[in-house]
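K.L.:
First the structure, then my questions, so here it is.
Where a number appears in this text, it was derived from the coordinates with a stated rule and is not lab data. Being a predicted model, the structure only gives us computed values, none of them experimental. We place every Cβ from the backbone using ideal geometry, glycine too, and count neighbours over all the protein chains shown.
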């Protein structure tokens, strides 16, 4: 089985740790060793799990980008292996162009580019744009890999 160039939402959900309505990305458009581009219209859905009484606020676009980064890691993983567990450690230089995104018309375009990294952490640059290519959110994010969270509680 070869790694696909495009995926639908079900294919994406099989490769990231999010399912159901929490899988925010609907389509993998393209990817390579350093970049990924996904699209989605889940921002406009009334059942979006990140939506509040005020709507879907723009800081949630970082989660859209983080899911694209997780998918990128899953696509880069060796065939038949499990992708490395990871978590978003920081988001820096984040610029938001709008207050909320549930009223943005058309699909969101989610882009992430791997800038640097090793076996323990990866730096990505990301941008989320509207259907006309106008930036809605952009910044950098660090993903830490292979760091299991402790399940022990200290007394």
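K.L.:
Could you work out how far apart the two model spin labels at residue 77 and residue 105 are, taking each label as a point 7 Å from the Cα in the direction of the beta carbon, and quote it in nm?
P.N.:
Those two pseudo-labels are separated by 4.0 nm.
K.L.:
Among 137, 97, 127, whose mean-square fluctuation peaks in a Gaussian network model of the chain (Cα, cutoff 10 Å)?
P.N.:
97
K.L.:
Output the relative contact order of the chain, whole-number percent, from Cα pairs under 8 angstrom with separation of 6+ residues.
P.N.:
Once normalised by length, the contact order is 22 percent.
K.L.:
Using 0.36 nm times the number of residues separating residue 89 and residue 119, minus their current alpha carbon distance, what extension gain do you get?
P.N.:
Gain on stretching residue 89 to residue 119: 9.3 nm.
K.L.:
Using a 10 Å cut-off on Cβ atoms, rank the peptides 105-115, 50-60, 66-76 from the highest mean neighbour count down.
P.N.:
66-76, 105-115, 50-60
K.L.:
Let me ask something else about it. Round to the nearest 10 and give me the degree value, 0 to 90, for the angle of helix 61-76's Cα axis relative to the longest principal axis of the chain.
P.N.:
Once rounded, the angle reads 40 degrees.
K.L.:
Okay, helix-only estimate at 222 nm for the chain: each DSSP H run of n ≥ 4 adds -39500 (n - 2.57), divide by all residues, round to 500 deg cm²/dmol; what do you get?
P.N.:
-4000 deg cm²/dmol
K.L.:
Let me ask another. Provide 87, 126 in ascending order of the number of other Cβ atoms located within 10 Å of each residue's Cβ, fewest first.
P.N.:
87, 126
K.L.:
Compute the distance in nm between two label points, each set 7 Å from the Cα along the Cα-to-Cβ direction, one at residue 47 and one at residue 19.
P.N.:
1.5
K.L.:
Using a 10 angstrom cutoff on alpha carbons, build the Gaussian network for the chain and name the most mobile of 135, 17, 78.
P.N.:
Sorting by GNM fluctuation, first place goes to 78.
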